[in-house]
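Encoded as structure tokens, the structure appears first; notes follow it.
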Amino acid sequence: MAVPLIDIHRQHDPIQDKLDAAIKAVFAHGRFILGPEVKELEERIAKLCRVKHAIGVASGTDALQLALHAAGVGPGDEVITSAFSFFASAGVISRLGAKPVFAEIDIDTFNLDPAKLERRITDKTKAIMPVHLFGQCADMDAIFSIALNHKVKIIEDAAQAIGSIYYGRPAGSLGDAGCFSFFPTKNLGCAGDGGMIVTNNDELAETMRMLRVHGGKSEYHHDIVGYNSRLDTLQAAILNVKLDYLQAWTEARRKNAARYDKLLADVPVVTPVVAEERYHIFHQYTIMTDKRDELQAHLHKKGVGCKVYYPIPFHMQKCFADLGYTNGQFPLAEKAGNQVLSLPIFGEMTEAEQDEVVAAIKEFFS
């Protein structure tokens with residue numbers, strides 16, 4: 001049987017009536033920009049993350065950019081982030097005129113390795129941006145200690161980690177600001193682009209609220225030069241419906257991950273490592289093998305969805321060639337790029353489908 005990497009229809013079909021009603025309600029009141037559903041979602045996300053403020057923006061990428069901008073990042077500054085992540089993590093730094101500085105990862109979790117991080121700090125470092133990749137929080141106590149010691153901000157790239165927990169604290173609440181994406185395939189996804197920034201810092205929150213509406217506190221009065229980056233009311237309405245189901249969907253993913261762990265125990269692949277006191281939401285279930293490309297081709301031939309997130313670390317990207325990095329500079333990030341493969345993990349996946357995935361993997365290695 002064919003097994004998709006993700007099947008959004010299976011998530012939406014049982015709640016389609018509620019989604020339709022939410023969309024219809026927005027058309028009824030007509031407040032398509034920063035309508036009441038946006039405020040409701042912001043309040044609910046703030047409560048979920050146990051923070052004072054949540055600011056809805058147009059995408060996860062914009063969330064990162066506005067948070068860095070509000071933190072004072074600009075030309076001449078440096079921001080340290082992981083060498084291994086989705087492109088937005090590095091791209092937003094460059095878009096602000098700052099210099100992205102890449103650091104090595106912990107190969108077990110694919111997140112920033114604090115032991116390799118501190119040596120990347122210079123007198124130009126303005127912020128550290130850890131990425132909670134694939135749904136598991138980075139080692140935030142160690143990162144926070146480094147940031148405090150050097151008096152730099154922490155902006156969490158929690159795009160893939162809504163609902164993830166680190167030692168009892170939610171992702172997004174662990175730094176100066178946290179950034180989420182609501183891209184349709186995320187654990188909490190809308191019907192287009194959308195994002196959210198959360199923070200306990202009143203000053204940052206006020207600045208980010210201005211930045212999302214061209215830099216003004218009131219219409220046509222602009223304190224700073226900002227952006228047009230507002231979360232659509234329609235998207236907020238959809239997310240408000242889906243947020244009711246997020247915990248159940250997350251637990252279904254975690255159940256599937258635990259089952260994969262058992263089914264793949266005797267297969268020569270590296271399965272995900274969950275670090276101490278982490279609640280992993282498994283946005284992706286990512287294995288590693290030095291036969292990745294051949295395995296991926298075999299799975300595709302069998303009709304099994306799988307994908308490489310991400311094949312090329314930042315320091316090897318053509319657009320960052322002028323930064324002077326060399327191949328081999330971050331060997332663990334390069335190893336991840338060469339060996340990672342994400343398997344289907346969506347909450348509505350059946351055990352029969354999971355058995356099919358594992359059977360195809362075992363067939364390959366036999």
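Restricting attention to region 29-72, the residues that are open to solvent by less than 10 Å² (accessible area, probe 1.4 Å) and assigned to a strand (DSSP E or B) add up to 4. Among the residues of region 277-336, those identified as in contact with a Phe, Trp or Tyr (Cβ under 7 Å, 6 or more places away or on another chain) and of a type in the set (D, E, K, R) are 277, 278. For region 256-289, give me the residue count where each residue is among the small types (Gly, Ala, Ser) and open to solvent by 60 Å² or more (accessible area, probe 1.4 Å). Qualifying residue count for the region: 1. Of everything listed in (1) under 17 Å from the mean Cα position of the chain (by Cα); (2) at positive phi, the single unmet condition for residue 220 is (1). Across region 96-123, the qualifying residues are those that are assigned to a loop (DSSP other than H, G, I, E, B) and more than 22 Å from the chain's Cα centre (by Cα), and the one among them that is farthest from residue 289 (Cα to Cα) is 123. Pairs meeting the criteria (first residue in region 23-38 and closer than 14 Å to residue 235 by Cβ, second residue open to solvent by 40 Å² or more (accessible area, probe 1.4 Å) and in a helix (DSSP H, G or I), beta carbons under 7 Å, at least 6 apart or on different chains) are 23/234; 26/234; 32/234; 35/29.
For region 311-366, the set of residues classified as in a loop (DSSP other than H, G, I, E, B), small (Gly, Ala, Ser) and over 21 Å from the mean Cα position of the chain (by Cα) consists of 324, 328, 366, listed by residue number. Could you please let me know if residue 161 is touching a strand residue (DSSP E or B) at 6+ places or on another chain (Cβ under 9 Å), in a loop (DSSP other than H, G, I, E, B) and under 20 Å from residue 308 (Cα atoms)? Yes.
The set of residues from region 124-142 being in a loop (DSSP other than H, G, I, E, B) and either modelled with pLDDT under 95 or small (Gly, Ala, Ser) (or both) comprises just one member, 138. Among the residues of region 208-252, those identified as open to solvent by less than 70 Å² (accessible area, probe 1.4 Å), in contact with a strand residue (DSSP E or B) (Cβ under 8 Å, 6 or more places away or on another chain) and assigned to a helix (DSSP H, G or I) are 208, 210, 233, 236. Checking each residue in region 293-335 for being open to solvent by 50 Å² or more (accessible area, probe 1.4 Å), closer than 19 Å to residue 366 by Cβ and of a type outside the set (Lys, Arg) picks out 293, 294, 297, 300.
The values are calculated or read from the model by the stated rules, or taken from the named source; none is laboratory data. Predicted, not measured: the structure shown is a model, and the values here were computed from it. Positions of Cβ are backbone-derived with ideal geometry, glycine not excepted, and every protein chain shown enters the neighbour counts. Each accessible area value is taken on the protein alone, full model and side chains, heavy atoms only, with ligands, DNA and RNA left out. Shrake-Rupley method; radii C 1.70, N 1.55, O 1.52, S 1.80 Å.
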